[in-house]
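Peer 1: This is the structure I want to talk about, given as C-alpha coordinates.
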Amino acid sequence: MIKEWSLDTTDRRPFHEEPSVSTRHYRDAWMYMQEGKEPLYLDDGRTMFLPAGSKKGLTVEELSAYIQAMDSCESFEQYAEQRFAVWVVKAGENGQMATCSCPVGMKQRVCKHAITVGVWKGTITIPDVAKHAVIGQKRKRGRPTATRPALVRQD
Ligand SMILES: [Zn+2]
(Lines give C-alpha, C1' and ligand atoms only; values in the text may rest on other atoms or scores of the structure.)
Protein backbone atom coordinates (compact mmCIF):
# COMPACT_ATOMS: atom_id res chain seq x y z
CA MET A 1 0.00 0.00 0.00
CA ILE A 2 2.79 2.36 0.85
CA LYS A 3 4.34 1.58 -2.50
CA GLU A 4 1.16 2.41 -4.37
CA TRP A 5 0.84 5.64 -2.51
CA SER A 6 4.36 6.71 -3.25
CA LEU A 7 3.94 5.78 -6.89
CA ASP A 8 0.86 7.92 -6.98
CA THR A 9 2.69 10.97 -5.68
CA THR A 10 5.36 10.73 -8.35
CA ASP A 11 2.64 10.67 -10.97
CA ARG A 12 1.11 13.96 -9.98
CA ARG A 13 1.02 16.83 -12.39
CA PRO A 14 3.82 19.31 -11.81
CA PHE A 15 2.95 22.30 -9.67
CA HIS A 16 2.12 25.32 -11.74
CA GLU A 17 4.52 28.05 -10.79
CA GLU A 18 2.85 30.65 -12.93
CA PRO A 19 -0.66 31.87 -12.25
CA SER A 20 -3.12 31.47 -15.09
CA VAL A 21 -3.79 34.70 -16.93
CA SER A 22 -7.18 35.16 -18.53
CA THR A 23 -8.20 37.44 -21.38
CA ARG A 24 -9.99 39.50 -18.76
CA HIS A 25 -6.71 40.07 -16.89
CA TYR A 26 -5.04 41.16 -20.12
CA ARG A 27 -7.95 43.41 -21.01
CA ASP A 28 -7.89 45.08 -17.59
CA ALA A 29 -4.14 45.55 -17.94
CA TRP A 30 -4.52 47.00 -21.43
CA MET A 31 -7.09 49.52 -20.19
CA TYR A 32 -4.92 50.29 -17.19
CA MET A 33 -1.96 51.00 -19.44
CA GLN A 34 -4.00 53.62 -21.30
CA GLU A 35 -4.22 55.61 -18.04
CA GLY A 36 -0.53 56.48 -18.36
CA LYS A 37 0.51 55.72 -14.78
CA GLU A 38 3.94 56.84 -13.72
CA PRO A 39 5.49 54.53 -11.14
CA LEU A 40 8.25 55.34 -8.70
CA TYR A 41 11.12 52.86 -8.73
CA LEU A 42 13.30 51.57 -5.94
CA ASP A 43 17.04 51.36 -6.47
CA ASP A 44 16.85 47.59 -6.86
CA GLY A 45 15.30 48.09 -10.30
CA ARG A 46 12.66 45.48 -9.54
CA THR A 47 10.35 47.18 -7.08
CA MET A 48 7.99 49.90 -8.15
CA PHE A 49 5.20 51.81 -6.54
CA LEU A 50 1.99 52.59 -8.36
CA PRO A 51 -0.72 54.94 -7.12
CA ALA A 52 -4.05 53.31 -6.40
CA GLY A 53 -7.23 54.76 -7.82
CA SER A 54 -7.32 57.50 -10.42
CA LYS A 55 -4.05 59.18 -9.45
CA LYS A 56 -1.46 59.18 -12.19
CA GLY A 57 1.68 59.20 -10.11
CA LEU A 58 3.10 59.41 -6.61
CA THR A 59 5.22 62.10 -5.06
CA VAL A 60 8.24 61.13 -3.00
CA GLU A 61 6.39 62.54 0.04
CA GLU A 62 3.40 60.25 -0.58
CA LEU A 63 5.70 57.29 -0.93
CA SER A 64 7.50 58.19 2.29
CA ALA A 65 4.17 58.41 4.11
CA TYR A 66 3.29 54.98 2.77
CA ILE A 67 6.59 53.39 3.79
CA GLN A 68 6.41 55.01 7.22
CA ALA A 69 2.86 53.77 7.81
CA MET A 70 3.86 50.23 6.74
CA ASP A 71 6.85 50.33 9.08
CA SER A 72 5.45 51.88 12.20
CA CYS A 73 1.78 50.82 12.27
CA GLU A 74 1.04 53.56 14.78
CA SER A 75 -2.66 53.40 14.20
CA PHE A 76 -4.76 50.96 12.26
CA GLU A 77 -6.59 53.78 10.45
CA GLN A 78 -3.32 55.21 9.25
CA TYR A 79 -2.16 51.78 8.15
CA ALA A 80 -5.40 50.96 6.35
CA GLU A 81 -5.49 54.31 4.60
CA GLN A 82 -1.96 53.91 3.31
CA ARG A 83 -2.18 50.19 2.61
CA PHE A 84 -4.69 50.80 -0.17
CA ALA A 85 -3.18 54.03 -1.50
CA VAL A 86 -0.10 52.48 -3.06
CA TRP A 87 0.46 49.18 -4.84
CA VAL A 88 3.88 47.63 -4.53
CA VAL A 89 4.79 45.66 -7.63
CA LYS A 90 7.91 43.51 -7.76
CA ALA A 91 9.00 42.43 -11.20
CA GLY A 92 9.51 38.68 -11.49
CA GLU A 93 12.92 37.19 -12.04
CA ASN A 94 13.72 35.26 -15.24
CA GLY A 95 10.56 36.45 -16.91
CA GLN A 96 8.24 35.27 -14.15
CA MET A 97 5.03 37.10 -13.37
CA ALA A 98 5.44 40.13 -11.13
CA THR A 99 3.82 40.18 -7.71
CA CYS A 100 1.53 42.96 -6.54
CA SER A 101 0.15 44.05 -3.20
CA CYS A 102 -3.31 44.99 -4.49
CA PRO A 103 -6.27 42.82 -3.38
CA VAL A 104 -6.61 41.14 -6.79
CA GLY A 105 -2.89 40.44 -6.96
CA MET A 106 -2.89 38.97 -3.46
CA LYS A 107 -5.84 36.72 -4.18
CA GLN A 108 -5.32 35.64 -7.77
CA ARG A 109 -1.53 36.04 -7.95
CA VAL A 110 -2.01 38.03 -11.12
CA CYS A 111 -3.52 41.47 -11.69
CA LYS A 112 -3.45 44.35 -14.15
CA HIS A 113 -0.49 45.90 -12.34
CA ALA A 114 1.63 42.75 -12.54
CA ILE A 115 0.82 42.33 -16.23
CA THR A 116 1.50 46.01 -16.94
CA VAL A 117 4.91 45.77 -15.30
CA GLY A 118 5.58 42.62 -17.35
CA VAL A 119 4.78 44.57 -20.51
CA TRP A 120 7.08 47.39 -19.44
CA LYS A 121 9.84 44.86 -18.74
CA GLY A 122 9.25 43.20 -22.09
CA THR A 123 8.34 39.78 -20.67
CA ILE A 124 4.61 39.95 -21.45
CA THR A 125 2.76 40.83 -24.62
CA ILE A 126 -0.92 41.69 -24.46
CA PRO A 127 -2.77 39.43 -26.91
CA ASP A 128 -4.64 41.28 -29.65
CA VAL A 129 -7.91 39.67 -28.62
CA ALA A 130 -7.72 41.49 -25.27
CA LYS A 131 -7.12 44.82 -27.02
CA HIS A 132 -10.04 44.33 -29.35
CA ALA A 133 -12.34 43.60 -26.46
CA VAL A 134 -11.87 47.17 -25.26
CA ILE A 135 -12.92 48.93 -28.43
CA GLY A 136 -16.63 48.70 -27.62
CA GLN A 137 -17.49 51.03 -24.77
CA LYS A 138 -18.36 49.37 -21.52
CA ARG A 139 -22.09 49.44 -20.89
CA LYS A 140 -23.10 51.46 -17.89
CA ARG A 141 -24.51 49.66 -14.89
CA GLY A 142 -28.23 49.43 -14.40
CA ARG A 143 -31.17 49.90 -16.70
CA PRO A 144 -30.46 51.32 -20.15
CA THR A 145 -31.59 54.91 -20.40
CA ALA A 146 -34.98 55.27 -22.06
CA THR A 147 -35.02 56.94 -25.45
CA ARG A 148 -36.38 60.44 -25.31
CA PRO A 149 -38.55 62.00 -27.98
CA ALA A 150 -36.37 63.85 -30.41
CA LEU A 151 -38.67 66.84 -30.70
CA VAL A 152 -41.00 68.23 -28.11
CA ARG A 153 -43.73 70.60 -29.14
CA GLN A 154 -43.96 73.73 -27.03
CA ASP A 155 -47.50 74.91 -26.55
ZN1 LIG B 1 -2.17 44.68 -8.57
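Peer 1: Test Pro51 against the stated conditions and say whether it is at pLDDT 90 or above, within 21 Å of Leu40 (Cα to Cα) and away from the ligand (no atom under 11 Å from the Cβ).
Peer 2: Yes, satisfied.
Peer 1: Given (1) touching an Asp or Glu at 6+ places or on another chain (Cβ under 6 Å); (2) exposed (fewer than 15 other Cβ atoms within 10 Å of the Cβ), where does Ser72 come up short, assuming only one miss?
Peer 2: Of the numbered conditions (1) touching an Asp or Glu at 6+ places or on another chain (Cβ under 6 Å); (2) exposed (fewer than 15 other Cβ atoms within 10 Å of the Cβ), the odd one out for Ser72 is (1).
Peer 1: While we're here: Under the condition of being of a type in the set (Lys, Arg) and either in contact (Cβ under 8 Å) with a residue 40 or more places away in the chain or within 13 Å of the ligand (Cβ to nearest atom) (or both), which residue from region 84-122 is nearest to Thr59 (Cα to Cα)?
Peer 2: This residue is Lys90.
Peer 1: For Ser64, indicate whether it is of a type in the set (S, T, N, Q), modelled with pLDDT of 85 or more and outside any loop (DSSP other than H, G, I, E, B).
Peer 2: Yes, satisfied.
Peer 1: Restricting to region 25-61, name every residue that is surrounded by 15 or more Cβ atoms within 10 Å (Cβ to Cβ) and assigned to a helix (DSSP H, G or I).
Peer 2: Answer for region 25-61, where residues must be surrounded by 15 or more Cβ atoms within 10 Å (Cβ to Cβ) and assigned to a helix (DSSP H, G or I): His25, Tyr26, Arg27, Asp28, Ala29, Trp30, Met31, Tyr32, Met33.
Peer 1: If Glu74 satisfies all but one of (1) part of a helix (DSSP H, G or I); (2) away from the ligand (no atom under 16 Å from the Cβ), what's the number of the condition it fails?
Peer 2: The single condition Glu74 does not satisfy is (1).
Peer 1: Name every residue in region 1-29 that is modelled with pLDDT under 95, hydrophobic (A, V, I, L, M, F, W, C) and within 21 Å of Val110 (Cα to Cα), in order of residue number.
Peer 2: Of everything in region 1-29, those that are modelled with pLDDT under 95, hydrophobic (A, V, I, L, M, F, W, C) and within 21 Å of Val110 (Cα to Cα) turn out to be Phe15, Val21.
Peer 1: Okay, next question. Restricting to region 87-125, give me the number of residues that are surrounded by 16 or more Cβ atoms within 10 Å (Cβ to Cβ), more than 14 Å from Ala52 (Cα to Cα) and in contact with a Ser or Thr (Cβ under 6 Å, 6 or more places away or on another chain).
Peer 2: 1
The values are calculated or read from the model by the stated rules, or taken from the named source; none is laboratory data. Please read all numbers here as calculations on a predicted model, not as lab measurements. With ideal geometry, Cβ positions are generated from the backbone for all residues, glycine too; neighbour counts draw on all protein chains shown.
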